[in-house]
Ligand SMILES: [Zn+2]
């Protein structure tokens, strides 16, 4: 986090006003990494799964969130200190005390546990008030005065995809499965976010909704992921390693399509540079799963700093959402398909972006005797190369700029750095994980060759100037 702040990867927002927890800025280096992470997910779903991409408003009229059930149910269990007023998530206080998952417990159970375990305000030791449901949506209004309309900042992108279903069905020429991809910001007024960028109040999501025939939840490409072996925790807390093939055959994972996208997500996380040994698949417990969902799985990363971090949730949402919007809006969501009339079911793949971003940072951080740096894969690194003149005289700096212009003209993201010693410049490039450094020296002036140095091995090779792009 020290490097991240100092080098413009991420830093807390609103710093000069003391900051507000749950908000982070992506700096100039971090934004490149984030865009690369988004690109890995987007390219996969658009190019390989033939999804449509859409982009809907983040500010939504109330009806959407009434229909979805969020106005009524999208709440965390809040308790406040009766002495200092500090707000807490009741389940988190109980989890800290018992070291057991508590996010599925109800108000009565939490009140009882707080009483039984003698949990007090961690800040001042005061008595804690009654636990109650606190809605996590940001509420606001559209329009002025008496004509203003109640509205919310969306707490997820999914609903804004569902409400366009009829139109997307026409655009997609009435074929199932129909995949729709949306990436953008969502908002949750978290009670007391204390986990850096793991729990944000304003965050990015990439959510994919596959509209499917309720009787066809298989995947044609399951063979591609069949052999992947993963660590699984079932809803009954059984923990074991299993191949996705066996998980489906033994009905540990009930829907083949869910298993397929769990496997694909695992591969995408690995491509981003997230340590696969720290990933595990966790099935939602019966009382934790949304009531309409028939099966839900998360992929979690086990973090050194934050414990388990949910990176993606994959869920069979049945026809719940389309049916709810049909009832409230009066618009028919039934389709006629292959001689049947039905409301499609939805398989949802919901990625956070900020959390994988953090897990990439944690996984790629490397500390060696003489340097600390990020070992980002080339696909994720903020820049592909850094270009240096060995010295800033005898035309070397001019030549280096020429090289810089040549590679950037070829669409390669690079930085040009001519300040300080060459050793310092290598160190600066390593620190933010730039995979290759190109140096222009006196030999370049004689025979048009440059050195390319590899970040991880520090090995250097000499390459002809017109072959740099290929060499990179
Ligand atoms: Zn207190």
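Readers should treat all values here as calculations from the given coordinates under stated rules, not as data from a laboratory. Everything quoted here is computed from the prediction, not taken from an experiment. With ideal geometry, Cβ positions are generated from the backbone for all residues, glycine too; neighbour counts draw on all protein chains shown.
Figures for the structure shown
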quantity	calculated
Ascending count of other beta-carbon atoms within 10 Å, so fewest first, for 72, 362	72, 362
Compactness index (Cα Rg / 2.2 N^0.38 Å), the range 191-245	1.72
Residue exposure sequence - 359, 469, 364 - by fewest surrounding Cβ within 10 Å	469, 364, 359
Cα gyration tensor of the chain - equivalent ellipsoid semi-axes, whole Å, descending	43, 29, 23
DSSP beta bridges in the chain [antiparallel fraction, %, rounded to 5]	85 percent
FRET efficiency, residue 447 to residue 370 (Cβ-Cβ, R0 30 Å, nearest 0.05)	0.40
Measure of compaction for the range 63-170 (Cα Rg per 2.2 N^0.38 Å)	1.42
Packing-based ranking, highest mean first, of 307-314, 271-278, 227-234 given that Cβ atoms within 10 Å are counted	307-314, 271-278, 227-234
Peptide ranges 151-160, 126-135 listed from the most packed, as the mean C-beta count within 10 angstrom indicates	151-160, 126-135
Residue 58-residue 23 FRET efficiency (beta carbon distance; Förster radius 25 Å; 0.05 resolution)	0.95
Exposure proxy ranking, count of Cβ atoms within 10 Å, fewest first, for 17, 88, 373	17, 373, 88
Length released on extending from residue 379 to residue 112, taking residue separation times 0.36 nm less the Cα-Cα span	91.1 nm
Global form of the range 383-471, assessed from the alpha-carbon gyration tensor, a/c cut-off 1.5	rounded
The chain: calculated mean residue ellipticity at 222 nm from DSSP helix runs of at least 4, using -39500 (n - 2.57)	-8500 deg cm²/dmol
Tensor-based shape of the range 271-411 (alpha-carbon gyration tensor, a/c under 1.5 rounded, otherwise prolate or oblate)	oblate
Highest average packing first - 252-260, 30-38, 452-460, 217-225, Cβ atoms within 10 Å	252-260, 30-38, 217-225, 452-460
Centroid-to-centroid separation of the range 440-455 and the range 310-380 [C-alpha atoms, Å]	45 Å
Tensor-based shape of the range 1-74 (alpha-carbon gyration tensor, a/c under 1.5 rounded, otherwise prolate or oblate)	oblate
